[in-house]
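The values are calculated or read from the model by the stated rules, or taken from the named source; none is laboratory data. What you are looking at is a predicted structure, and each value in this text was computed from that prediction instead of being measured. Neighbour counts run over all protein chains shown; Cβ positions are idealised from the backbone, glycine included.
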Amino acid sequence: MNLRVRDPMQPTDRARSKTFIPPAFTPAQPTLDTHRVAVLPFANFSPDAKDEYFADGITEEIISTVSGIRGLSVISRTSVMGYKGTTKRVKEIGRELDVGSILEGSFRKAGNRIRITTQLIDVAGDKHLWAQNYDRELDDVFAVQSDIARQVANALRVKILPLDQAHIDKTPTRNPEAHALYLKGRYHWNQRSEESLLKAIEEYQAAIKLDPDYALAYSGIADSYTVLGDHNYVPYAEAFSKCKEYALKAVERDEGSAEAHTSLAIAICQERDSSAEAEFEKAIELNPSYATAHHWHAILLLHTGRREAALQEALTAQKLDPLSPMIADFVGIVYDALGRYDQAERQHFRALDMQTDFLAAIGNLISTYWHERKFADVERQAEAYLRISKDELVNKVGLAANYALAGKEMEARRTMAEAEAMPDPTHHGDGLRMIYHIALGELEKAVELIEGEYARGADWLGEIAYDPLYAAVRNDPRVKSILRKVGAAL
């Protein structure tokens with residue numbers, strides 16, 4: 001319904017840390033697969049507290065390096081960062097993440113020297129499989145990460161294929177200062193506020209000045225613009241133009257980067273270009289454990305009408321990132337699109353259990369309630385939305401649509417009149433207004449809004465092809481033309 005502000009990336013660690021609740025319904029596994037690996041956040045033992053970004057960055061890079069081994073399934077960053085500073089035992093974490101092996105360690109930086117201590121633990125037996133200390137110069141950090149990946153594969157008796165070896169041995173930059181700036185960029189990017197995203201771009205740009213061939217820094221800028229556009233911090237067209245510009249530069253500099261191909265794929269999606277599919281497939285081929293590639297690919301599949309395929313990709317992403325509220329919510333969106341509303345509700349609530357202030361999940365739960373005609377439940381969730389967001393305009397429009405769907409025309413028109421009198425500093429999209437007009441039988445106004453959203457470059461219009469709330473306008477020749485242009489199945 002476009003009630004949500006869709007961030008295709010993962011939510012911030014800071015936001016999640018206050019509300020992090022491991023899903024109580026995760027079933028205990030009789031046997032845990034040792035080839036499913038979780039890399040827990042490395043503890044920062046550096047004398048300078050400002051080096052926290054470096055410890056987080058090392059964790060993220062080790063996840064990326066180990067996930068390049070095809071015989072392993074590696075849990076994504078979002079799910080493991082919730083365990084930062086945890087006192088939970090290995091067996092408990094293993095059950096929650098459904099992993100059989102856990103890699104943990106610590107990081108210490110002093111001047112140009114680093115010390116990394118790490119150990120691989122078998123969850124079922126609670127025993128060490130391998131442990132190692134590394135005392136190196138800062139510019140040897142990539143060699144350390146590569147060796148850790150090889151040792152993990154050896155300890156778990158997983159064969160490293162030639163393509164895996166190329167991924168493991170990759171050195172993204174030979175400039176340690178550029179690498180430090182990149183890690184600072186990742187740290188700010190993960191905060192997800194407008195200010196932090198702009199700061200991330202600044203750090204990435206500084207890294208590129210030192211190393212113009214640093215592909216991951218270009219990819220980082222592309223992803224930052226994706227979120228800036230998705231949150232309406234930067235005009236949509238401008239944001240995705242920048243996203244494509246930097247994603248292309250990333251791929252030009254490293255054809256073998258799954259991150260770069262994923263950045264390019266999401267940029268191409270905004271242009272409604274069919275080559276986005278090939279970019280996602282390339283990214284997944286390069287790194288089958290990259291949850292973001294599976295998640296974003298699922299978004300493309302859903303918007304082009306391939307709902308069952310979208311569900312399989314979304315569930316794959318969830319298996320790789322089981323504690324991501326964003327992915328849980330998207331799985332709910334796909335179940336909703338398939339008419340499996342009970343499962344959709346469970347996934348939306350799962351997301352809200354993990355992040356109670358997750359506005360997108362509330363918005364998507366409201367969509368599911370509309371499909372089930374649970375109008376009283378919508379009003380209750382609208383109250384929760386307003387308590388968190390303070391965005392009275394979106395809430396008013398949503399309530400007007402709810403009244404219209406419930407057949408309360410007088411309340412609907414009164415509420416919409418109140419909304420129209422309010423300032424709209426940020427364009428949220430017209431999906432809710434479309435539903436309002438369709439419910440009142442004002443189909444011409446709804447079609448005009450659809451045409452306006454298409455002209456704006458909105459990426460959600462494929463939903464019209466299958467969402468029952470748009471059934472009354474779906475067969476309008478103008479709407480059919482737009483659906484064909486966005487690649488939706490008719």
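Which residues, taken from the stretch 214-244, are in contact with a helix residue (DSSP H, G or I) (Cβ under 6 Å, 6 or more places away or on another chain), among the polar types (S, T, N, Q) and over 18 Å from Arg272 (Cα atoms)?
Ser219, Ser224, listed by residue number.
Would you be able to say whether some residue in the stretch 469-481 is touching a residue at least 40 places away in the same chain (Cβ under 8 Å) and either surrounded by fewer than 20 Cβ atoms within 10 Å (Cβ to Cβ) or on the phi < 0 side of the Ramachandran plot (or both)?
First pass over the stretch 469-481, keeping only residues touching a residue at least 40 places away in the same chain (Cβ under 8 Å): 469.
Add one more test, that the residue is either surrounded by fewer than 20 Cβ atoms within 10 Å (Cβ to Cβ) or on the phi < 0 side of the Ramachandran plot (or both), and what stays is 469.
There is at least one residue in the stretch 469-481 that is touching a residue at least 40 places away in the same chain (Cβ under 8 Å) and either surrounded by fewer than 20 Cβ atoms within 10 Å (Cβ to Cβ) or on the phi < 0 side of the Ramachandran plot (or both).
Name the helices (runs of 4 or more DSSP H) wholly within the stretch 247-324 that hold at least 3 residues that are modelled with pLDDT under 95 and either of a type outside the set (Phe, Trp, Tyr) or surrounded by 24 or more Cβ atoms within 10 Å (Cβ to Cβ) (or both)? I'd like the intermediate steps shown before the answer.
Details: elements: 258-270, 276-286, 291-303, 307-320.
Fully inside the stretch 247-324 and qualifying: 258-270, 276-286, 291-303.
Which residues, counting only those in the stretch 398-440, are touching a residue at least 12 places away in the same chain (Cβ under 8 Å), more than 22 Å from Pro235 (Cα to Cα) and either outside any helix (DSSP H, G or I) or of a type in the set (Val, Ile, Thr) (or both)?
Selection gives Ala406, Thr415, Ile435, Ile438, Leu440.
Filter the stretch 208-232 down to the residues that are part of a loop (DSSP other than H, G, I, E, B) and crowded, with 17+ Cβ neighbours inside 10 Å, then identify the one that is modelled with the lowest pLDDT.
Residues of the stretch 208-232 that are part of a loop (DSSP other than H, G, I, E, B), as a first pass: 211-214, 231-232.
With the extra rule that they be crowded, with 17+ Cβ neighbours inside 10 Å, the set shrinks to 211, 214, 231.
Numbers: Asp211: 97, Tyr214: 96, His231: 77.
Out of the qualifying residues, it is His231.
When you check Val90 against the structure, is it surrounded by 14 or more Cβ atoms within 10 Å (Cβ to Cβ), β-branched (Val, Ile, Thr), within 27 Å of the chain's Cα centre (by Cα) and at pLDDT below 95, yes or no?
Numbers: surrounded by 14 or more Cβ atoms within 10 Å (Cβ to Cβ): yes; β-branched (Val, Ile, Thr): yes; within 27 Å of the chain's Cα centre (by Cα): yes; at pLDDT below 95: yes.
Spelling it out, Val90 is indeed surrounded by 14 or more Cβ atoms within 10 Å (Cβ to Cβ), β-branched (Val, Ile, Thr), within 27 Å of the chain's Cα centre (by Cα) and at pLDDT below 95.
Please list, ordered by first then second residue, the pairs with beta carbon atoms under 7 Å, 6 or more apart or interchain, first in the stretch 147-166 and buried (at least 17 other Cβ atoms within 10 Å of the Cβ), second aromatic (Phe, Trp, Tyr).
Listed pairs, sorted by first residue: Gln151/Trp130; Ala155/Trp130.
Looking at Ala406, Ala417, Ala351, which is the one that is more than 27 Å from the chain's Cα centre (by Cα), over 26 Å from Arg456 (Cα atoms) and small (Gly, Ala, Ser)? Before the answer, list the steps.
On the way: Ala417 fails: over 26 Å from Arg456 (Cα atoms); Ala351 fails: more than 27 Å from the chain's Cα centre (by Cα).
Ala406 is the lone residue from the list that is more than 27 Å from the chain's Cα centre (by Cα), over 26 Å from Arg456 (Cα atoms) and small (Gly, Ala, Ser).
Of all residues in the stretch 447-463 being among the aliphatic types (A, V, I, L, M) and within 23 Å of the chain's Cα centre (by Cα), which is modelled with the lowest pLDDT? Steps first, answer last, please.
Taking the stretch 447-463 as the starting set, the residues that turn out to be among the aliphatic types (A, V, I, L, M) are 447, 449-450, 455, 458, 461.
Next, only the ones that are within 23 Å of the chain's Cα centre (by Cα) stay: 458, 461.
Numbers: Ala458: 79, Leu461: 89.
The extreme case among them is Ala458.
From the set of residues in the stretch 24-72 that are in a strand (DSSP E or B) and at pLDDT 95 or above, which is surrounded by the fewest Cβ atoms within 10 Å (Cβ to Cβ)? So that I can check it myself, show each step before the final result.
Of the stretch 24-72, the ones in a strand (DSSP E or B) are 36-39, 43-44.
From what's left, at pLDDT 95 or above: 36-39.
Details: Arg36: 22, Val37: 27, Ala38: 26, Val39: 30.
Only one residue fits best here, namely Arg36.
Looking at the stretch 441-482 only, could you name the residues that are of a type in the set (Asp, Glu) and either assigned to a loop (DSSP other than H, G, I, E, B) or over 22 Å from His371 (Cα atoms) (or both)? Write out each step before concluding.
To start, the set of residues in the stretch 441-482 that are of a type in the set (Asp, Glu) comprises 442, 444, 448, 451, 453, 459, 463, 467, 476.
Within the stretch 441-482, Glu442, Glu444, Glu448, Glu451, Glu453, Asp459, Asp467, Asp476 qualify.
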